[in-house]
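The next block holds one structure in the form of structure tokens; read it before the comments.
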Amino acid sequence: MEEKKWLDNQEVCLLLKVSPRTLQTLRDNGTLAYTQICHKTYYKPEDVESIIRIVEERRKRAESMGKSI
């Protein structure tokens, strides 16, 4: 059986190019699924990949309005 690697907060922030606070917002509003083990947060790689497009679209929309995320 192939063991899949879970991603931590730092890895996801780097992949999505977002701040830790933005990552928390994605968790809080249900955009990104996560699991907590021993007070540490982990994400499935496939869940992170599925929201990359969403984050990029939000970034483009914000930039077109003269804002940044």
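Residue order for ASP47, ASP28, ASP8, fewest other beta carbons within 10 angstrom first, comes to ASP28, ASP8, ASP47.
For the chain, lysine pairs with C-alpha atoms less than 27 angstrom apart, excluding pairs fewer than eight positions apart on the same chain, total 11. Please grab the % of Cα pairs in the chain that end up more than 15 Å from each other. Summing the P(r) of the chain above 15 Å gives 54 percent of all pairs.
Only helices enter the 222 nm calculation for the chain: every DSSP H run of n ≥ 4 contributes -39,500 (n - 2.57), and dividing by all residues gives -17000 deg cm²/dmol, rounded to 500.
Taking trypsin sites (Lys or Arg not before Pro) across the chain, the ones in a DSSP loop with at most 16 further Cβ atoms lying within 10 angstrom of their Cβ are LYS4, LYS5, LYS17, LYS67.
Here, each number is a calculation from the coordinates, and none is a lab measurement. Since the model is a prediction, treat every value here as computed from it, not as a measurement. All Cβ positions, even for glycine, are placed from backbone atoms using ideal geometry, and neighbour counts span all protein chains on display.
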